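What follows is a single structure, written as structure tokens, with notes after it.
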Amino acid sequence: WWPGGLGKVSTHALVYARLITDGQDHGVHGFIVQLRSLDDHLPLPGITVGDIGMKFGSGAYNSMDNGVLRFDHVRIPRDQMLMGVSQVTREGKFMQSDVPRQLVYGTMVYVRQKIVADASCALSRAVCIATRYSVVRRQFGSHNGGPETQVIDYKTQQSRLFPLLASAYAFRFVGEWLKWLYTDVTQRLQASDFSTLPEVHACTAGLKSVTTSATADAIEECRKLCGGHGYLSSSGLPELFAVYVPACTYEGDNVVLLLQVARFLMKTVSQLGSGKKPVGTIAYMGRSEQLLQCHCEVERAEDWLKPNVILEAFEARAARMSVTCAKNLNNFPNQEEGFAQLATDLAEAAVAHVQLIIVSKFIEKLQQDIPGKGVKRQLEILFNVYALSLLHKHLGDFVASGCITPKQGALANEQLRLLYSQVRPNAIALVDAFNYTDHYLGSVLGRYDGNVYPKLYEEAWKDPLNETVVPDGYHEYIRPILKQHIRVARL
């Protein structure tokens, strides 16, 4: 159920199924299975295949023939089993190959890093549309008959829009790093080095979950930021939303993926006393004792502009939440019962860890040689907007970590408001930097030239309903109602 191209087109499928020989189950393996005749395209005996029906949205994935497939006593030749990892001899004996099974993780890591990159792309498209329209759209605030206020100048608009703009850049940078991580782990796997595999799996699973959930929510927020016109199909946002939201469930449900990250974190915490030093994205766990005791040195709002201060706060929050979950798990008779009861806390700890990764990779990007002081300055502002908006959103977690006080949280919010004013002059330049053409955006509201309203009017007349002035059914249904004599009932 769901594979694209299966419903009406595919002649063969790569099927993952249990391999059983001599009554022994050897787990899931891959098989190439022919589904349809190459002569007349009819399903082969024992195979039922078709389309699963309409999906979310008017367009979106409805052009894809996502399929349903059933097998009923279908036999395939032995040589159609994928035998790179394990094999079955002609005599029916199962043999494990020398090739490590961990190599199969390579494809999964690749797909998930691509999804993170796609999140940045989809989010930046939505933000580009909303930012451009927020500059064009004016409402209220007119003085002495002058022009009304651009909606982008309202703080309520900035506080909703600019963190999304910063997120688009943050996701792009972490996506670039994830691409490097995929290349690194692939080379290690080929050399039979599996040391980084658990961390890579946790990174890709967590980042896939956090970035896709944030992007789906952000596209909907951008639609609302465009007011009523955002609901128009011609705004480009409804279709973008419908096309994008499946990312929250395909290649791993986002909540399930967070729980996988949580298992990795719990294992890391359990090994802290063994002398095994955490490395990579979990290196901060090696300093968990001091992070649990740290107190943020913020006395003024501008102190929150220091990357080391922000990083320490995010590390302390992530470490505390993981350590607390690990301690609470010990109160249960077995770990699986604990995981079931503490699933919500564990998922939140995973989110904290993943957000720390994104923040740290943004900092690393700023430490690179960025051409142009002006460009670097804008990226520094966006970094602070991204980090402080997360701090504001999850303030309870940060205060509970003991690293920051409520007063310091208020100073962070004060600094965030000041940062919005610094983003405003360059907001259009920052979305233009994505270099999206009008054709690619597919949005009347997000036009590069800002000529929104004439084009909005022009687009309306392309609707098939406007091909006739008098609608079908007028003479049959509407006119008789208008012309009839209204009689007053005598009660």
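Of the chain, which part is the longest with no GluC sites (Glu not before Pro) in a loop (DSSP not H, G, I, E, B) and with at most 13 other C-beta atoms within 10 angstrom?
300-491
Please state the equivalent ellipsoid semi-axes for region 1-47: what are the square roots of 5 times the Cα gyration tensor eigenvalues, largest first, in whole Å?
25, 13, 8
Can you give the charge dipole size of the chain about its Cα centre, rounded to the nearest 20 debye, using +1 on the beta carbon of Lys and Arg and -1 on the beta carbon of Asp and Glu?
Dipole size: approximately 620 debye.
Please report how far the C-alpha centroid of region 308-332 lies from that of region 394-422, rounded to the nearest whole angstrom.
18 Å
Beyond 24 Å between alpha-carbons counts as too far, so tell me which of Lys277/Lys361; Lys114/Lys327; Lys277/Lys327 fall in that bin.
Those over the limit are Lys114/Lys327.
Apply the Karplus curve 6.51 cos²θ - 1.76 cosθ + 1.60, θ = phi - 60°, to the phi angles in region 120-132 and return the couplings in whole Hz, x for Gly and Pro.
Whole-Hz 3J(HN,Hα) from phi for region 120-132: 4, 5, 5, 5, 5, 5, 5, 5, 4, 5, 5, 5, 4.
Straight-line reach from Lys224: which lysines have Cα under 25 Å away, leaving out those fewer than 8 places along the same chain?
In chain and number order, the partners are Lys55, Lys155, Lys208, Lys393, Lys455, Lys462.
How large is the dipole of region 336-437 about the Cα centre if only Lys and Arg carry +1 and Asp and Glu carry -1, each at its Cβ, rounded to the nearest 20 debye?
My answer is approximately 700 debye.
Counting only heavy atoms of the protein chains, get the accessible area per residue of region 12-99 (1.4 Å probe) and round it to a whole Å² value.
I get 68 Å² per residue for region 12-99.
Explain nothing, just the number: relative contact order of region 12-99, from Cα pairs under 8 Å at least 6 residues apart, as a whole percent.
Relative contact order, region 12-99: 22 percent.
With every protein chain in place, what's the accessible area of Leu430 (1.4 Å probe, Å², nearest 10)?
Roll a 1.4 Å probe over it and Leu430 shows about 20 Å².
Just to verify a number: what accessible area does His26 come out at with the full protein assembly present, 1.4 Å probe, Å² rounded to tens?
Accessible area, nearest 10 Å²: 40 Å².
What do you reckon, how do Trp1, Trp461 stack up by accessible area (1.4 Å probe), largest on top?
Largest accessible area first, the list is Trp1, Trp461.
What number comes out for accessible area per residue over region 118-241 if the probe is 1.4 Å? Units Å², please.
40 Å²
Which number do you get for Rg(Cα) / (2.2 N^0.38 Å) in region 12-99?
Ratio of Rg to 2.2 N^0.38 Å for region 12-99: 1.38.
Taking Lys93 as the anchor, which aspartates and glutamates have their alpha carbon closer than 15 Å to its alpha carbon, excluding any fewer than eight residues away along the same chain?
Of all the aspartates and glutamates, those that pass the test against Lys93 - Cα under 15 Å, at least 8 places apart if same chain - are Asp22, Asp25, Asp79.
Determine ³J(HN,Hα), in whole Hz, for all residues of region 299-312 in sequence, where each value follows from phi through the Karplus function 6.51 cos²θ - 1.76 cosθ + 1.60 and θ = phi - 60°; x replaces Gly and Pro.
These are the phi-based 3J(HN,Hα) values: 10, 10, 4, 5, 5, 6, 8, 7, x, 5, 5, 5, 4, 4 Hz.
Any idea what % of Cα-Cα pairs in region 336-413 are farther than 22 Å?
40 percent
Can you give me the Rg/Rh ratio for region 219-330, using Cα atoms for both radii and the Kirkwood formula for Rh?
Ratio of gyration radius to Kirkwood radius: 1.15.
Can you give me the % of accessible surface on the chain that is carbon or sulfur? Probe 1.4 Å, all protein chains present, nothing else counted.
Roughly 54 percent, rounded to a whole number.
Hey, what number do you get for the chain at 222 nm if only DSSP H runs of n ≥ 4 count, each worth -39500 (n - 2.57), divided across all residues, to the nearest 500?
-17000 deg cm²/dmol
Kirkwood hydrodynamic radius of region 320-360 from all distinct Cα pairs, in Å?
10.6 Å
The values are calculated or read from the model by the stated rules, or taken from the named source; none is laboratory data. Just so it is clear, the model here is predicted, and its values are computed rather than measured. A quick note on method: Cβ atoms are made from the backbone with ideal geometry, for glycine too, and the neighbour counts reach across all protein chains shown. For accessibility, only protein heavy atoms count, side chains too; no ligands or nucleic acids. Shrake-Rupley method; radii C 1.70, N 1.55, O 1.52, S 1.80 Å.
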